[in-house]
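Here is the structure we will look at, set down as structure tokens.
A short reminder: the numbers here are calculations on the coordinates, not readings from a lab. This one's a predicted model, so the numbers in the text were calculated from it and none came from an experiment. Positions of Cβ are backbone-derived with ideal geometry, glycine not excepted, and every protein chain shown enters the neighbour counts.
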Amino acid sequence: MDPRPAPVRPDLVAPGTTPALFDAVLTVAELPEGSMRRVTRGDLDILLAHTPDGIVAVDDRCPHMSAPLSLGTLDGCVVACPLHEGVFDLRSGEPVRMPTTGGLDPDGRYRPTWSPAGKAPKVDPPGLKAEARRLTRVRRFRYYPVRVVDGRIEVALPER
Ligand code: FES
């Protein structure tokens, strides 16, 4: 067997496997404390959040089913998704509240479906959809390095 790796097209390199360069994305004035903004570079949507603990950059995709968190709400260091009631801590990357659909938490533990107060409990759909919900894992955030230089917020993004 030939031990050499198969050649791959250079444009099919996985994100994050090439060096990251800091890129100015916003000014600090454009992101006052308590606010969130989405910035897009290529096919990468980044959520910038100005929390009481500082500015963080993560994917603008809910760790549950990828809804844009920039459309949610920020309360201190905690961001709420506009879908499924999921709530996530930007300091730890952990879910504070699992989505209503239930599923697996970041450690792979099953969490059941639930309903907000005053709403009728959701009946799990039968078959493949229920199985997909049960096996959907809420992952932890992936963070991008952030720095502030001369009033500009710079984020280290993987080369595309
Ligand atoms: S997509 Fe965010 S909680 Fe489901």
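For the range 69-124, the Kirkwood radius over C-alpha pairs fed into Stokes-Einstein at 25 °C and 0.890 mPa s yields D = 205 µm² per second. Treating each Cα of the chain as an identical point scatterer and summing with the Debye formula, the log10 of I(q)/I(0) at q = 0.10, 0.15, 0.16, 0.17 Å⁻¹ comes to -0.46, -0.87, -0.94, -1.01.
Across the options PRO95, VAL58, ALA117, the greatest Cα extent toward the positive end of the charge dipole of the chain (unit charges at beta carbon of Lys, Arg, Asp, Glu) belongs to ALA117. Toward the positive end of the charge dipole of the chain, with +1 on the Cβ of Lys and Arg and -1 on the Cβ of Asp and Glu, the farthest Cα among PRO68, GLY151, PRO126 is that of PRO126. Ratio of Rg to Rh for the range 93-160: 1.21 [Cα atoms; Kirkwood radius as inverse mean 1/r over pairs]. Between ASP89 and VAL149, the contour length at 0.36 nm per residue exceeds the Cα-Cα span by 19.0 nm.
Set against the 2.2 N^0.38 Å expectation for a compact globular protein, the range 20-67 has a Cα radius of gyration ratio of 1.17. Sites listed here are GluC sites (Glu not before Pro) in the range 13-90 whose DSSP assignment is loop and whose Cβ has at most 13 other Cβ atoms within 10 Å: GLU33.
Working note: Debye formula, equal point scatterers on the alpha-carbon atoms of the range 33-126, no solvent; log10 I(q)/I(0) at q = 0.11, 0.19, 0.23 Å⁻¹ is -0.34, -0.89, -1.16. Dipole check for the range 41-138: with +1 at the C-beta of Lys and Arg, -1 at the C-beta of Asp and Glu, and the Cα centre as origin, the magnitude is about 420 Debye.
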